[in-house]
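This report refers to the structure that appears directly beneath it.
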Amino acid sequence: MNGPLWMGIIFVATMVIGVPIPFAAGLAAIAGVYIIDMPMTLLAQSAYTAFESFPLVTIPLFTLAGKLMERGGMSEHLITISKRLVGSFKGGMGMVTVVACMFFAALSGSGPATTAAIGSITIPGMIKEGYKPRFAGAIAAAGGALGSMIPPSNLLIIYALSSDQSIPRLFLAGIIPGLFLTLLLLLVTFVLSMRHNYGGSDVRFSIGLLLRAVWEGKWAIGAPVIILGGIYTGVFTPTEAAAVAVFYGFFVGLFIYRKLTWMGLYESLKFTAVIIGTVLFILGSSKAFGQMVTLYDIPEQISTIFAVFESTPWMVMLVIGLIYVIAGMWIETVPQVIIFTAVFFPYVQSLGIDPILFGIFTVMTCEVGFLTPPIGVNLFVASRISKTTIEDVSIGVLPFLLPYIFIIILMAFFSSWVTFLPDLVYGPQL
Amino acid sequence: MFGKIIGLLDKYFEEVLCAVFLTTMSSCIMLQVVLRYVFGEASAWVEEVSIIGMIGGVYFGAALAVRNKDHLRIVFVLNMMPKRLKTIMIIVSDILWMGFLIFLLLQSIIFMKLLFTTHYILPGLGIENRWPQLIIPISLVLMIIRMVQVYVRWITKKDKELI
């Protein structure tokens, strides 16, 4: 019997009729273990051992830190700074959303969390200024995707663990594409606002006001300095930095901005538990899934299929990118990164494609999937806040996909602009 | 009195467990940072405790998500179906889901029996590895109970929707 085929069929079929994704992966893993005739206790064992990795703790920590910072009033300060920075341009509130998402992305490792934290404040603001709800929701969804690109990033951590790469290196590599993406998103917002004639705020740009907002928001701006600065000066490991971020968010929220309550702390813990219980939970079932991939020699089969492209790296990358985008429309990003990295990474590495570049590429293509229906979590969050349908926001988000696609293609052809920063700090990858 | 206790357990049991596990996880790593700078040494138990904290958070969080119906399903196909068929599909998928939970529970009981006949001491904490591993069967039982509860609430018409 053809194991991988059956696993694929069961995974897709159970998912389509409505089995939640981690459990659909679990059912597929049972089939795989059965066909290959291994003991079923393997599943029970990997349900625990899949989580026995210390760097993995970073993910719940950054999720919790982001939530605490949001509840603690940091997102308001970031929005105020963004308003003083870009608010007076055409489409001011839209651009404020993008810039605030960029700042928040440096606190949080998650895309939907960024959309929720910034969008819940700026989407109503945009609608009040006469923006179409569809457009307002789309900006927040597209900007929120920066949360996974700009370090810290949960997806990059997952990639690092699946491919055995260095987390700090990947974080550094995410900075330039993240900033570049922000600029392109600002450009799209600006052009669309010109067309629809959305105005800016009445307050003219003034360096004095900007500096004052920065000073008042210093504790919010200070968080990424401590988190990333701590990692790169070698003061903390990424995991420790994440724990420091949790306590920083906690203390600033409780004692300095005084927006965080004990109830808010409890709610944040509960929120984190539900997020990791629904998203990270899949690691337990997909570890067995991943072992099956290795046992069935799928990477070997992949290279046979890809031989059609005569091992031209850019062509292979574009094809993989296309597969990722299509898969990303259906699967949650975390399981997608785990499953597909296991499948494609060995082959990609054998072609001599830089593993760090491929990590950024993976996250970027998954983000496109995140922004396209039917399973776009960012769209879902944004549509709930802007009180429109998910279909409506997914039409609105189309122009914002252009920057993503542009960067993906750019990465397939040129790699040095992504790997430049990590190579500069850590020396070239061996 | 008894009913009140059940009510409180129903509302807060997983939530409080998760909060405790996640707080332990965060505090341990923070403590490690402090210890490392003050005493210049890192201890192995910190990693073990924080990993146990995360695993507890994940599995009891998953049980919490069963109760709150927060697990992510692909609803795109479901929503295209007529209402009757949609309900049938959800019930079938939940039977499969339940089947998986029961299967995994049986397997983990077999595995736990194995763990109770062998010795593996966690190097940092100095306790048997089987104790933290109990999180898996316990949380699976919780998930099964919570799923039955979702259906009881639906059949007794306390909840209108299944998902």
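Which residue fluctuates most in the GNM of chain A (Cα springs below 10 Å): A:GLY208, A:GLY359, A:GLY130? Residue with maximal mean-square fluctuation among A:GLY208, A:GLY359, A:GLY130: A:GLY208. Dipole size of chain B about its Cα centre, with +1 on Lys/Arg Cβ and -1 on Asp/Glu Cβ: approximately 960 debye, rounded to the nearest 20. Helix A:133-144 axis versus longest C-alpha principal axis of chain A: approximately 70°, rounded to the nearest ten. Size check on segment A:206-317: the Cα extents along the three principal axes, sorted descending, read 60, 38, 28 Å. Checking the a/c ratio against 1.5 first, then a/b against b/c, what shape does the Cα gyration tensor give for segment B:56-108? Verdict is oblate for segment B:56-108.
Each of A:LEU211, A:ILE282, A:GLY264 was scored by the projection of its Cα onto the charge dipole of segment A:201-307, and the greatest displacement toward the positive side belongs to A:LEU211; charges sit on the C-beta of Lys, Arg, Asp and Glu. When the Cα convex hull of segment B:1-106 is projected onto planes of every orientation, the mean area is 11.1 nm². The base-10 log of I(q)/I(0) for segment A:277-430, evaluated at q = 0.09, 0.10, 0.11, 0.13 Å⁻¹, reads -0.34, -0.42, -0.50, -0.69 [Debye formula, identical scatterers on Cα atoms, solvent excluded]. Taken over the alpha carbons of segment A:19-172 as equal point scatterers, the Debye sum produces base-10 log I(q)/I(0) values at 0.11, 0.15 Å⁻¹ of -0.56, -0.83. Calculated translational diffusion coefficient of segment A:299-356 (20 °C, 1.002 mPa s; Stokes-Einstein with Kirkwood radius over alpha-carbon pairs) equals 182 µm²/s. Shape summary: the protein assembly as shown maps onto an equivalent ellipsoid whose semi-axes, from the alpha-carbon gyration tensor, are 36, 28, 27 Å in decreasing order. Enclosing the Cα atoms of segment A:366-408 in their convex hull gives a volume equal to 57 cubic angstrom per residue.
Quick check: the angle from helix A:313-328's long axis to the longest principal axis of chain A, C-alpha only, nearest 10 degrees? That works out to roughly 80 degrees. Here segment A:10-76 is treated as a Stokes sphere of Kirkwood radius computed over C-alpha pairs; at 4 °C and 1.567 mPa s its diffusion coefficient rounds to 87 µm²/s. Please report, to two decimal places, log10 I(q)/I(0) for segment A:153-236 at q = 0.18, 0.21, 0.24 Å⁻¹ as given by the Debye formula with identical point scatterers on the Cα atoms and no solvent. For segment A:153-236, the Cα-only Debye profile gives -1.02, -1.10, -1.17. When the alpha carbon gyration tensor of segment A:211-276 is reduced to an equivalent ellipsoid, its three semi-axes come out at 21, 19, 9 angstrom, largest first.
For chain B, the longest principal axis of the alpha carbon atoms and the long axis of helix B:83-117 meet at an angle near 30°. Lysine pairs in chain B whose alpha-carbon atoms fall under 27 angstrom of each other, counting only those eight or more residues apart or on distinct chains, come to 19. Among the residues of A:7-20, the average count of other protein chain beta-carbon atoms within 10 Å of the residue beta-carbon is 5.
Charge dipole (Cα centre; +1 on Lys/Arg Cβ, -1 on Asp/Glu Cβ; no other charges) of the protein assembly as shown amounts to roughly 2100 debye. Across segment A:65-137, Cα-Cα pairs farther apart than 18 Å form 32% of the total. In a reduced charge model with +1 at each Lys and Arg Cβ and -1 at each Asp and Glu Cβ, segment A:194-336 shows a dipole moment near 760 debye about its Cα centre.
Scaling against 2.2 N^0.38 Å puts the C-alpha radius of gyration of segment A:88-191 at 1.11.
Throughout, read-outs are computed from the coordinates displayed, never taken from laboratory work. Everything numeric in this text was worked out from a predicted model, so none of it was measured. So basically every Cβ, Gly included, is an ideal-geometry build from the backbone, and we count neighbours across all protein chains shown.
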